[in-house]
Amino acid sequence: MKALLHRVGVRLAVVTMMAACSGAAFAADDVNQIFQMGRAAYYKGDVETAYQLLVQVEQRNPKHFETKALLAQIRAQKKPGTVSVKKTYEGVLLTKIEFTEVTLEEAVEGLRVLSKTASDGKVIPNIIIKDPALASKTLSLNLRNLPLTDAIQYLADIVGAKTVYDKHAVMFTTVATVGN
């Protein structure tokens, strides 16, 4: 009888330990999923959503290195007096854009000139095309009275690119190069 109770006790302890471990695994999966959503939001330029998600990860796992690194970047951008690139570009109104059968690289150069003119030389966008195949894609665009950020997004949509707003620039990238 004593041996039976001992075996039952050991089995109960093992079951309890497995349940605790599986709960920890689910919790780790949840944290990782929230981190991945926050990271994706950050690289899409949605810094506020990224911040909210990454703070949740930080609360659950204060030692998560990648979360700490991304939050440090976001907090540096949020410092008083620091205006994000996206906010700066939103404030530039382009009155007329006419591109006919130009490459993405030529269109980006055109946006730089139009932005410089529209902002009286104060805003010249830093735009990086990370994939050489994107740079050579051709496009046509005819728009009026829109913010620079919308013009950038239209260009990206036409050539099938993603835009990633960084601290100092906006990048045109394909899905395959987003994390690089």
I need the phi-derived Karplus couplings for segment 119-124: 6.51 cos²θ - 1.76 cosθ + 1.60, θ = phi - 60°, integer Hz, Gly and Pro marked x. 9, 6, x, 7, 10, 10
Enter the Cα centre distance for the pair segment 145-161 and segment 26-72, rounded to the nearest angstrom. 27
Taking H placed 1.01 Å from N in the peptide plane, check which residues at least 5 places from residue 94 or on another chain put their amide H under 5 Å from its amide H. 146, 148
Residues with amide H under 5 Å from that of residue 131, placed H, sequence gap 5 or more: 174
Here is the link list: 122/162; 68/167; 63/87; 96/167. Which ones come out longer than 23 Å on Cα distance? 122/162; 63/87; 96/167
Hand me the trypsin sites (Lys or Arg not before Pro) from segment 48-106 located in a DSSP loop with no more than 10 other Cβ atoms within 10 Å, in residue order please. 63
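Read the figures in this text as sums done on the coordinates, not as results from a lab. Only a predicted model underlies this, so the values are computations on that prediction, with no experimental measurement involved. When we count neighbours, we look across all protein chains shown, and the Cβ atoms used for this are built from the backbone with ideal geometry, even at glycine.
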